[in-house]
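Report on the following structure.
The values are calculated or read from the model by the stated rules, or taken from the named source; none is laboratory data. Every value quoted in this text rests on a predicted model; they were computed, and no experiment measured them. Cβ placement follows ideal geometry from the backbone for every residue including glycine, while neighbour counts extend to all protein chains displayed.
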Amino acid sequence: MIVDNPYQPMLCKLVDVIEETPTIKTFVIEPPRPFAFRAGQFAQVGVPGVGESPFTPSSNPSEPERLEFTVIRTGRVTEVLHAMKPGAELGLRGPFGQGYPVDELADKHVFVVGGGCGLAPLRSLIFTLLGQLDRVRSMRIKYGARESREILYRNAYEEWARHAKVDVQCTIDVAEPGWSGKVGVVTTLLNEIDVPIEDVMAVSCGPEIMLKFVTQTLLERGLKPEQIILSMNRRMSCGIGKCGRCNIGPYYLCRDGPDISYAKIKDFANVF
Ligand SMILES: Cc1cc2nc3c(=O)[nH]c(=O)nc-3n(C[C@H](O)[C@H](O)[C@H](O)COP(=O)(O)OP(=O)(O)OC[C@H]3O[C@@H](n4cnc5c(N)ncnc54)[C@H](O)[C@@H]3O)c2cc1C
Ligand code: FES
């Protein structure tokens, strides 16, 4: 019997690099065989000679033969990744984690709340829900970026919002000359919730400080902890619940998350 080794990456070809913002690029990768994943599951992407890092595919799970990872340049691995050109090889292992609980979103008004590069993992959920809009009441995408040039996937919003059930709102943190859109942190987009609170499910991904304030705001608006799903993209190593690097209470975020109900983790000390 051949047993797959979860530490063994497969070599993939980098076929395209899309410059999204001054600090964020999307890497288009072709694996040697389809890489089936659910929205929100992540992979360990290996940069030969440097190391590997966890990233969640930002592409449509219905296209497992061509993956996209949208990555912000932040340190050692991502710095080298950002310098790579089409034709290079990358390692890939996974998928890991549970992904977003899509079945729990059925018949709900789904608030997709992203901050900065946090819209990247959420894009795979957006694609998934766009493919099954009959299952949800609506999808409200609320996105915040630091400044206008850091707005991710800006050219896609019109297409997403073409569907009657989908609404996209974007804000930047601080006013800029020439900007006529909304100004303020992403929680300002949650000031008014115009649907019955009990019919809402919120899914959020972004920097941890943002998740903290989004959670606080949603609770103030009347959501219960069970209605809030957070992408807890903590530092991870093995990805498979072995190294003990990513736990909150009894939950290993790599294995039980990274997208996890706030109700499960709210009482543990190291949540935010
Ligand atoms: C499940 C999961 C999914 C992720 N998906 C994405 C994604 O789709 N796109 C994306 O750009 N990033 C994503 N990340 C974060 C990404 O893994 C880190 O930014 C990356 O590992 C940094 O590697 P580095 O060697 O370049 O930085 P390092 O040199 O290791 O660190 C540079 C800086 O980044 C911080 N950092 C490192 N890892 C993390 C982390 N996990 N969370 C927050 N800060 C971190 C460090 O504290 C340090 O300040 C994800 C993380 C996890 C755990
Ligand atoms: S990353 Fe090793 S236990 Fe989660």
- [ ] Name every residue in segment 211-220 that is more than 16 Å from ligand 1 (Cβ to nearest atom) and surrounded by fewer than 16 Cβ atoms within 10 Å (Cβ to Cβ), in order of residue number.
- [x] Q216, L219, E220
Task: Residue in segment 59-86 that is nearest to ligand 2 (Cβ to nearest atom), counting only those that are aliphatic (A, V, I, L, M) and more than 16 Å from the chain's Cα centre (by Cα) - done: V77
Open item on the list: Which of the numbered conditions does R93 fail, given that it passes all the others? Conditions: (1) free of Cβ contacts under 8 Å to residues at least 60 places away in the same chain; (2) surrounded by 14 or more Cβ atoms within 10 Å (Cβ to Cβ).
Closed with: (1)
Task: Count - residues of segment 99-143 that are among the small types (G, A, S) and under 16 Å from E20 (Cβ atoms) - done: 6
TODO: Tally the residues that are within 10 Å of ligand 1 (Cβ to nearest atom) and either assigned to a loop (DSSP other than H, G, I, E, B) or farther than 17 Å from L11 by Cβ (or both), restricting the search to segment 46-76.
DONE: 13
Task: Enumeration of residues in segment 228-253 that are among the β-branched types (V, I, T), farther than 16 Å from P95 by Cα and either touching a helix residue (DSSP H, G or I) at 6+ places or on another chain (Cβ under 6 Å) or assigned to a loop (DSSP other than H, G, I, E, B) (or both) - done: I228, I248
Task: segment 221-268, residues that are without any contact (Cβ under 8 Å) to a residue 24 or more places away in the chain and near ligand 1 (Cβ under 9 Å from one of its atoms) - done: R235, C246
Open item on the list: Here is a check on your reading of the model: is E208 away from ligand 1 (no atom under 14 Å from the Cβ) and either touching a Pro at 6+ places or on another chain (Cβ under 7 Å) or acidic (D, E) (or both)?
Closed with: no
TODO: Looking only at segment 194-206, count how many residues are modelled with pLDDT of 95 or more and either surrounded by fewer than 18 Cβ atoms within 10 Å (Cβ to Cβ) or in a helix (DSSP H, G or I) (or both).
DONE: 5
